[in-house]
Amino acid sequence: MSLSLSRLFALGVELGLLVPVVQAQSQPNEKLAERAQRAGEIIAELVKQPDHSPPQSLLEKATCVAAVPEVVQVGLGFGGKVGFGLASCRTPGGWSLPTFIGLKGGTFGLQIGGQAADVVLVFLNQNAPRRIASSSFDLGGQASVAAGPVGRNLSAETDYKLTAEIYTYSKTKGLFAGINLAGTKWEIDAKANKAVYGDMRSADVKGLLATSGTGGPGLVQPFLDSLQKNIGPLKP
């Protein structure tokens, strides 16, 4: 049965309106895919140079890891910082489905003029998944934080006492160095989680962090693959 001219016209209008909608929906996902890809690259860069990488003993104890590309300074003088990344936790089935997160707060040494820093946070506490799943918390306030040690051959037991919940690293000029992020606010990027996981699943961040990422959305796999390759799975 042939369609009338009026119906064909209506379909054309609907399709014409649909294209911009699809493009608008794909653009955020493309940005999130780029964020996940870059977060995975940061993890690989973190362990690339043994003399400037976290001690192996620290990485083995890590319960969760977050990578935040290009944390940038905003404002002048008493400005702040902002950056968005991903966090995942170790599970018996591999690294968990990651949550998208943001860092916001006071300055931490970024230079005025638009310089950006890649930031990595290594969580050691067994309660890290619950802490990460909080809608927000203050680093150095509700969770103890310290500049992370470097040197893959350092012994955490004899040369460095791992007493903080979170150890942090920043790269601005090619090498990672420990940096103290005290005063920074950690937030869940609920909008990004919803775009990747949908309404129901994105609301349960604690559930995401307890679920193996194997078979999860392809968009987050570059980050998970990098964690698996460069930091490794949960050891028995």
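Would it be correct to say that Leu76 is modelled with pLDDT of 90 or more and either in contact with a helix residue (DSSP H, G or I) (Cβ under 6 Å, 6 or more places away or on another chain) or not hydroxyl-bearing (Ser, Thr, Tyr) (or both)?
On the way: modelled with pLDDT of 90 or more: no; either in contact with a helix residue (DSSP H, G or I) (Cβ under 6 Å, 6 or more places away or on another chain) or not hydroxyl-bearing (Ser, Thr, Tyr) (or both): yes.
No: the conditions fail for Leu76.
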Hits in segment 204-234 (condition: in contact (Cβ under 8 Å) with a residue 12 or more places away in the chain and among the small types (Gly, Ala, Ser)) = Ala210, Ser212, Gly213, Gly216, Ser226, Gly232
Scope segment 202-222; condition within 16 Å of Arg130 (Cα to Cα), surrounded by 21 or more Cβ atoms within 10 Å (Cβ to Cβ) and of a type outside the set (Val, Ile, Thr); matching residues = Ser202, Leu208, Leu209
query = Among the listed residues Asn125, Asn230, which satisfies the condition of being within 19 Å of Arg90 (Cα to Cα) and touching an Asp or Glu at 6+ places or on another chain (Cβ under 6 Å)?
reply = Asn125
Hits in segment 1-35 (condition: at pLDDT 80 or above and either among the β-branched types (Val, Ile, Thr) or under 20 Å from Thr168 (Cβ atoms) (or both)) = Arg35
ask   = Is it the case that segment 111-123 has a residue that's farther than 21 Å from Leu32 by Cβ, at pLDDT 80 or above and either within 15 Å of the chain's Cα centre (by Cα) or not in a strand (DSSP E or B) (or both)?
value = yes
ask   = Do we have Val71 as closer than 29 Å to Ala192 by Cα, within 20 Å of the chain's Cα centre (by Cα) and at pLDDT 85 or above here?
value = no
ask   = Out of (1) modelled with pLDDT of 90 or more; (2) part of a loop (DSSP other than H, G, I, E, B); (3) not hydroxyl-bearing (Ser, Thr, Tyr), the odd one out for Ile101 is which?
value = (2)
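The values are calculated or read from the model by the stated rules, or taken from the named source; none is laboratory data. These figures come from a predicted structure and were not determined experimentally. Heads up, the Cβs are rebuilt from the backbone with ideal geometry, glycines too, and the neighbour counts pull from every protein chain shown.
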